[in-house]
Amino acid sequence: MFTSAARSLAGFRSKTHQFAPFIAVLILAACGQASMRVENPRTLPAALGSNAAVYFTVGNLTFTDDTLLGASSDETASLEIHRSALIKPADRAEMEAGGAYHYEAEDAQDEEDKSEMAAEEVSMDMAALASLQIKSGHEIEFEPGYYHLMLIDIKKDLGAGDQFTVILHFEKAGDVVVNVQVVENLD
Ligand SMILES: [Cu+2]
């Protein structure tokens, strides 16, 4: 249903894309449901007390835009929506306030922005988002170097082959239960 062909490997390009609305309508009609779809939830092994990043693809198959408000898991008391990025100090506050931050330095402007950013001592870092909007008919990749769910201070060791539950909280779709696999390699 979602094509990966259009995805860019470049780290900071938009990873959302839209399939033809009329096809989406046909698919939704055929399936008889409209929902948030989560594919391939996974994380790497991690030790008690450390942090673990959970990756997956989330697609909004509903007819309205929705917002990921947060998530929870029995494995940790604290679970945040994170985004890794080249972050300018001046942008961090905006990013943390509402998830509205988007890094758009691409193509023609790229080189110029890089040198400008170097002067500002920009570094690869991650910041917590208050929420993340997923538009109707779009999908967002949670992947290394980009969005991820961060389990902070996990309560037990996570070994390859283990599974655990994360519950995603959406503004409109409500709670979506996700079964996360602990894998040796992410791909
Ligand atoms: Cu993180």
Q.
Anything in the range 47-96 that is over 18 Å from Tyr146 (Cβ atoms), within 16 Å of the ligand (Cβ to nearest atom) and buried (at least 19 other Cβ atoms within 10 Å of the Cβ)? List them, or say none.
A. Ser73, Glu75, Thr76
(Q) Regarding the range 28-45, can at least one residue be identified that is farther than 21 Å from Asp175 by Cα and either at pLDDT 55 or above or β-branched (Val, Ile, Thr) (or both)? (A) yes
Q: Among what's in the range 110-142 and is within 20 Å of Gly70 (Cα to Cα), within 15 Å of the ligand (Cβ to nearest atom) and small (Gly, Ala, Ser), pick the residue that is modelled with the lowest pLDDT.
A: Ala127
Q) Is it the case that the range 150-157 has a residue that's surrounded by 15 or more Cβ atoms within 10 Å (Cβ to Cβ), modelled with pLDDT of 95 or more and more than 12 Å from the ligand (Cβ to nearest atom)? A) yes
Q.
Could you check the range 156-176 and list, in sequence order, the residues that are farther than 14 Å from Glu75 by Cβ and part of a strand (DSSP E or B)?
A. Leu168, His169, Phe170, Gly174, Asp175, Val176
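The values are calculated or read from the model by the stated rules, or taken from the named source; none is laboratory data. Quantities reported herein were computed from a predicted structural model and do not represent experimental measurements. Note: ideal-geometry Cβ built from the backbone for every residue, glycine included; neighbour counts use all protein chains shown.
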